[in-house]
1. Does the range 92-108 contain at least one residue that is small (Gly, Ala, Ser), touching a residue at least 60 places away in the same chain (Cβ under 8 Å) and under 22 Å from Thr134 (Cβ atoms)?
2. Taking the range 31-60 only, how many residues are small (Gly, Ala, Ser) and either touching a Ser or Thr at 6+ places or on another chain (Cβ under 9 Å) or part of a loop (DSSP other than H, G, I, E, B) (or both)?
3. Looking only at the range 1-30, how many residues end up being in contact with a helix residue (DSSP H, G or I) (Cβ under 6 Å, 6 or more places away or on another chain) and either small (Gly, Ala, Ser) or outside any helix (DSSP H, G or I) (or both)?
4. With Phe54, Phe82 as the choices, which residue is free of Cβ contacts under 8 Å to residues at least 40 places away in the same chain and surrounded by 16 or more Cβ atoms within 10 Å (Cβ to Cβ)?
5. Looking for something within 19 Å of Gly141 (Cα to Cα), at pLDDT 95 or above and surrounded by fewer than 19 Cβ atoms within 10 Å (Cβ to Cβ) - is there at least one such residue anywhere in the range 37-48?
6. Which of the numbered conditions does Cys68 fail, given that it passes all the others? Conditions: (1) at pLDDT 95 or above; (2) under 26 Å from Lys184 (Cβ atoms); (3) surrounded by fewer than 19 Cβ atoms within 10 Å (Cβ to Cβ); (4) not aliphatic (A, V, I, L, M).
7. Take the residues in the range 231-246 that are of a type outside the set (Gly, Ala, Ser) and surrounded by 16 or more Cβ atoms within 10 Å (Cβ to Cβ); name whichever of them is nearest to Val183 (Cα to Cα).
8. So, in the range 184-206, exactly how many residues are touching a helix residue (DSSP H, G or I) at 6+ places or on another chain (Cβ under 6 Å) and either of a type outside the set (Phe, Trp, Tyr) or free of Cβ contacts under 8 Å to residues at least 12 places away in the same chain (or both)?
Amino acid sequence: MTRFLENHAALVTGASRGIGRAVALMLAQAGCNLALLARHTDALRETQAACTSFGVHVLPLTVDLAECNMIAAAVDACVEAFGGLNVLINNAGVHQFASAVDADLEVWDRMVNVNLRAAMHATRLALPHILAGTRNGRRGGVIFISSLGGKFTAPTNAGYAATKHALTGFGGSVFEDVRDAGVKVCTIYPGWTNTGLLADWLKPEEAIQPEDVAEAVRFVLASASTVCPTEIVLQPQSSRAARLLMPT
């Protein structure tokens, strides 16, 4: 992989495992310095160690994204550490299967706070720095890692689907706000992904791999100045995976 993000800085939420970890490793291979956010410090340190092996600087930040003041502090810390911020990966998310009749309102509130509100706040706080970087000739991007739950509906998924559908509207509008500045804005919709939660339903090889999602992120950030992939849907190649009730 070419180091097309050499001397750039990225902030990745939910970076301790799964898709977030895979995206962080891809960015590190591309030469990008990283601020990595997650709630689990030990796992975050493991991702940090893996990323620094590619010769980049990594700032691990233990953050609960439901707390907006922690998001602001994280953006400030990234800018202070690296002199700017060029790429934001809104990856963190929470989910729970529950019907609209039986759902716990506190769980719904946390879904809204982490899946949607945190991404909105992080984007608003990061964009001035991202725009400044593009004016200085660097690549800039805001990527939302959503889910097929943001494209379709399913039983026992109302709260999650609501947050992911809202993220679609937010991401599309952000693109319109910054497209002329050259900032890439894309929402990626992975189907069933091998993140350790599917053992009861799928073999690992039947699911999308976290590295597949990371490759889609790389494609967006490396795209030519004349084009922006604004939405990417990732379906499992396996039809068995596609037949599962919940496509996320």
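1. no
2. Total satisfying the criteria: 5.
3. Count: 13.
4. Selected residue: Phe54, the only one of Phe54, Phe82 that is free of Cβ contacts under 8 Å to residues at least 40 places away in the same chain and surrounded by 16 or more Cβ atoms within 10 Å (Cβ to Cβ).
5. The answer is no, given that none of the residues of the range 37-48 is within 19 Å of Gly141 (Cα to Cα), at pLDDT 95 or above and surrounded by fewer than 19 Cβ atoms within 10 Å (Cβ to Cβ).
6. With (1) at pLDDT 95 or above; (2) under 26 Å from Lys184 (Cβ atoms); (3) surrounded by fewer than 19 Cβ atoms within 10 Å (Cβ to Cβ); (4) not aliphatic (A, V, I, L, M) applied to Cys68, the lone miss is (1).
7. Glu231
8. Here the count works out to 11.
The values are calculated or read from the model by the stated rules, or taken from the named source; none is laboratory data. Fair warning: this is a prediction, and the values are worked out from it, not measured in the lab. Neighbour counts run over all protein chains shown; Cβ positions are idealised from the backbone, glycine included.
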